Amino acid sequence: MKIALRISILFLTELMLGQSVPFYESYSWEEYPKYEVKDLTSEIKSLREKFVIEFFYTEDGSLTEYYLEHKALWLNSDDKIEDYNKIYLPYSSNSELIVNKARVINRNGKTIELDSSKIFVAKDEETGKNYKYFAFEGVEKGSIIEYYYVEKKYPVYKGTAFRLQGSYDKENVMFDLLSPENLFFEFKSYNGLPEVEKDTLVKGKLNWKLRIKEISGLEEEDQSPYQASRGMLVYKLDKNLKNNMSDISSYGIVSQNIHEYYYKAQSKKVDGSINKFIEQHIGGDKNLPMDEIIRTLDRAIKTQIYKSVGQGEELENLELILNKNVANATGLIKLYAAIFQHLDIDHEIVITCDRSEQKFDKEFEANNFLTDFLFYFPATNSYLSPTITNSRYGFPPGNLTDTYGLFIKEIKVGDFTSGLGRIKFIEPVKAEKTVDRMTIDVKFDDSDPVKNTVSLQRSFSGYYGMSIHPYMGLIKEMDRDELIENLAKTMNKNVDVTKKEVHNQGPENFGVKPLVFDIELESRSFTEKAGKKLLFKVGELIGQQIQMYQEKKRVLPLENEFMRSYYRTIKVQLPAGYKVVNLDDININNVYVEGGHEVLSFKSYYSLDGQTLTITADEHYKRNIIDTPIFEDFRRVINSAADFNKITLIIEPTEK
């Protein structure tokens with residue numbers, strides 16, 4: 001859930017500061033446009049993109065924002081015509097669409113302007129939200145669709161990310177930001193985009209602009225942080241000369257306001273309700289280990305308090321939340337903060353952003369980087385997400401780790417308390433805490449060696465267990481049996497499960513003990529006969545593995561959500577009178593070392609004790625962010641598991 005920070009700035013607006021009229025009133029498109037397409041082989045190209053953002057004082061002295069978007073897209077395939085036959089328009093209760101125009105320019109130069117009958121309003125059945133769109137008709141290959149609109153909306157000025165790069169090539173890209181003479185903005189560009197420049201003063205307005213002749217399209221790649229990799233700029237309001245305010249968007253102000261908002265003194269009634277909630281779940285013993293207290297209360301809140309996406313005082317009032325067991329994201333943050341304060345648990349609020357969407361910039365303070373909340377506990381060096389219901393203490397959403405964030409700590413000076421913010425790194429959860437472990441015992445039937453009996457113990461911990469472990473108690477027995485059957489069939493769909501047990505399935509065990517499945521099965525799918533020889537597909541016992549292909553040179557980094565480890569031990573009781581002739585096929589050793597430490601690795605090896613063959617195949621990913629220079633090292637390691645999956649042991653009689 002993205003949380004809107006409720007922070008306001010007072011503007012002194014007694015005078016209109018020499019403004020004339022909003023820019024859009026004098027803006028229009030060319031009546032007879034002349035667009036030139038140089039490359040006729042591509043499927044789509046943007047021939048013109050213009051974006052204008054203006055902050056403007058209205059007649060009543062309030063600040064408003066106007067946004068113009070103007071695009072001309074050349075479409076040269078049926079797929080792209082299908083993709084762009086609808087262009088969606090802003091439509092919300094917080095904004096007003098004041099200009100909207102669209103037209104089609106065919107290959108022969110004929111222009112067809114859309115009238116109001118081609119602008120439709122529809123409803124999303126899932127969300128219930130209405131949306132408005134242009135419906136283009138008569139578009140053929142080689143046509144240009146052109147549109148522009150102007151939206152009037154509530155101003156957002158303390159940090160906005162504006163992406164200019166997309167998946168296709170663009171020409172003539174223009175960005176402008178206009179503001180009254182008293183409002184000074186700062187800008188920063190990312191991912192190779194040129195910096196915004198300040199233009200000359202125009203008609204009592206300040207103007208910042210960016211002009212780019214060409215922007216190459218950026219192709220999305222598997223597991224890439226695509227949104228965070230696109231060329232973009234960020235803008236924020238820095239100064240208001242009329243009231244001598246500076247550092248308007250600073251994190252110092254954010255920290256103070258966040259603390260004031262979430263740590264208000266509670267009434268005796270609310271304090272009593274909080275105490276009652278705590279005692280219901282941890283009893284009267286508040287001297288339990290801190291880990292246990294936090295883990296128990298986190299589980300209680302996420303299973304007992306329903307999270308609503310609605311807004312309203314009743315969803316943020318602690319007394320009503322504890323009475324009705326319903327809260328929105330803001331209410332949940334308040335509840336956690338109040339409980340930790342009540343128990344005197346040292347903690348800090350952390351605000352960050354999803355690293356797959358944008359990279360938290362520790363040098364440029366802007367609110368667009370402050371979208372997601374965590375709690376941090378210095379004593380345990382652990383994090384908790386208060387608003388993501390399928391996460392648990394110690395395992396926050398992975399994309400909110402391995403990045404920077406704003407840590408807000410309470411400070412006290414006498415009777416005065418406030419929030420002090422510092423930017424720090426959010427360490428990811430170590431690979432050793434997220435484990436998929438397999439222990440397998442295999443026997444061959446004495447009378448029919450093609451038939452195997454397999455004992456599998458499969459356990460999950462950390463992020464691998466989080467998707468099912470906290471909910472095992474809610475799963476019906478029939479569904480639990482199906483879950484175990486499916487787990488066994490990851491080896492091979494043609495297996496017969498003869499016994500199944502689950503251990504440590506109580507939700508209180510998550511983060512403490514792994515979720516363990518004990519399964520026994522029989523199968524005739526792992527072994528084949530070839531004359532007197534047996535072909536034993538030992539690699540299939542670990543299940544199908546990812547095979548990563550890369551036909552073109554990797555451009556973007558690869559990012560995993562979390563670090564992880566796999567431990568696999570396979571013990572094979574070979575039939576009497578038989579031996580394995582290709583044991584060396586088991587040996588795989590692919591490792592990437594950094595700073596003297598193995599950060600990516602796959603190692604498989606064996607030992608033979610009489611007729612007992614023990615195979616170990618362990619795999620570790622102790623780094624989330626794989627930069628392009630080491631992508632091939634990562635691919636080599638991850639493909640090692642797929643190579644192991646293909647191993648077939650040749651077992652033949654010792655006496656021929």
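The values are calculated or read from the model by the stated rules, or taken from the named source; none is laboratory data. Note that this is a predicted model, so its numbers are computed, not measured. Backbone-built Cβ (ideal geometry, glycine too); neighbour counts: all protein chains shown.
Assorted remarks:
- Residue among 231, 204, 159 that alone is touching a residue at least 40 places away in the same chain (Cβ under 8 Å) and closer than 30 Å to residue 408 by Cβ: 159
- Residue match in the range 240-250 (condition: loosely packed, with under 15 Cβ neighbours inside 10 Å, within 29 Å of the chain's Cα centre (by Cα) and modelled with pLDDT of 95 or more): no
- Hits in the range 1-25 - residues which are assigned to a loop (DSSP other than H, G, I, E, B), under 40 Å from the mean Cα position of the chain (by Cα) and at pLDDT 90 or above: 22
- Restricted to the range 26-118, the set of strands (runs of 3 or more DSSP E) holding at least 1 residues that are among the aliphatic types (A, V, I, L, M) and either in contact with a Phe, Trp or Tyr (Cβ under 6 Å, 6 or more places away or on another chain) or under 19 Å from residue 172 (Cβ atoms) (or both) comprises 44-57, 63-75, 86-89, 95-105.
- Any hit, the range 52-65, residues being at pLDDT 95 or above and under 24 Å from residue 121 (Cα atoms): yes
- Which listed residue is polar (S, T, N, Q), out of contact with any Cys (no Cβ under 9 Å at 6 or more places or on another chain), farther than 16 Å from residue 71 by Cα and not assigned by TED's automatic domain parsing to the domain that holds residue 556, from 143, 179: 179
- Of the candidates 605, 549, 567, the single residue that is surrounded by 15 or more Cβ atoms within 10 Å (Cβ to Cβ), assigned by TED's automatic domain parsing to the domain that holds residue 648 and either in contact (Cβ under 8 Å) with a residue 60 or more places away in the chain or among the hydroxyl-bearing types (Ser, Thr, Tyr) (or both) is 567.
- Test: residue 544 is surrounded by fewer than 18 Cβ atoms within 10 Å (Cβ to Cβ) and within 20 Å of residue 569 (Cβ to Cβ): yes
- Test: residue in the range 253-275 that is in a helix (DSSP H, G or I), in the same structural domain as residue 206 (by TED's automatic domain parsing) and of a type in the set (Phe, Trp, Tyr): no
- Filter result for residue 421 (buried (at least 23 other Cβ atoms within 10 Å of the Cβ), in the same structural domain as residue 278 (by TED's automatic domain parsing) and either touching a Gly at 6+ places or on another chain (Cβ under 9 Å) or among the basic types (Lys, Arg) (or both)): yes
Results for (1) under 23 Å from residue 162 (Cα atoms); (2) of a type in the set (S, T, N, Q); (3) surrounded by fewer than 14 Cβ atoms within 10 Å (Cβ to Cβ), shown as yes or no for each residue.
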{"site": "21", "(1), (2), (3)": "no, no, yes"}
{"site": "39", "(1), (2), (3)": "no, no, yes"}
{"site": "97", "(1), (2), (3)": "yes, no, no"}
{"site": "104", "(1), (2), (3)": "no, no, no"}
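- Here the condition is being under 23 Å from residue 154 (Cβ atoms), of a type outside the set (Asp, Glu) and modelled with pLDDT of 90 or more; of 98, 112, it holds for 98 alone.
- Test: residue in the range 199-214 that is within 20 Å of residue 369 (Cα to Cα), in a strand (DSSP E or B) and of a type in the set (Asp, Glu): no
- Candidate set from the range 251-307 (those that are within 30 Å of residue 158 (Cα to Cα) and β-branched (Val, Ile, Thr)); member that is farthest from the chain's Cα centre (by Cα): 253
- Test for residue 344: is it farther than 16 Å from residue 264 by Cα and not assigned by TED's automatic domain parsing to the domain that holds residue 510: no
- Residue match in the range 294-302 (condition: at pLDDT below 95 and in a helix (DSSP H, G or I)): no
- From the options 443, 433, residue that is within 26 Å of the chain's Cα centre (by Cα) and of a type in the set (Lys, Arg): 433
- Taking the listed residues 518, 585, the one that is more than 27 Å from residue 432 (Cα to Cα), surrounded by 14 or more Cβ atoms within 10 Å (Cβ to Cβ) and in the same structural domain as residue 607 (by TED's automatic domain parsing) is 585, with no other qualifying.
- Of 467, 459, all but one fail to be surrounded by fewer than 17 Cβ atoms within 10 Å (Cβ to Cβ) and within 28 Å of the chain's Cα centre (by Cα); the exception is 467.
- All positions within the range 120-161 that are of a type in the set (Val, Ile, Thr), part of a strand (DSSP E or B) and either in contact with a helix residue (DSSP H, G or I) (Cβ under 6 Å, 6 or more places away or on another chain) or crowded, with 16+ Cβ neighbours inside 10 Å (or both): 144, 145, 150, 160
- Among residues of the range 604-646 being part of a helix (DSSP H, G or I) and among the hydroxyl-bearing types (Ser, Thr, Tyr), the one that is farthest from residue 398 (Cα to Cα) is 640.
- The number of residues in the range 623-639 that are touching a helix residue (DSSP H, G or I) at 6+ places or on another chain (Cβ under 9 Å) and either more than 14 Å from residue 554 (Cα to Cα) or surrounded by fewer than 20 Cβ atoms within 10 Å (Cβ to Cβ) (or both) comes to 2.
- Tally, over the range 425-444, of residues that are out of contact with any Asp or Glu (no Cβ under 9 Å at 6 or more places or on another chain) and either without any contact (Cβ under 8 Å) to a residue 60 or more places away in the chain or of a type in the set (Lys, Arg) (or both): 4
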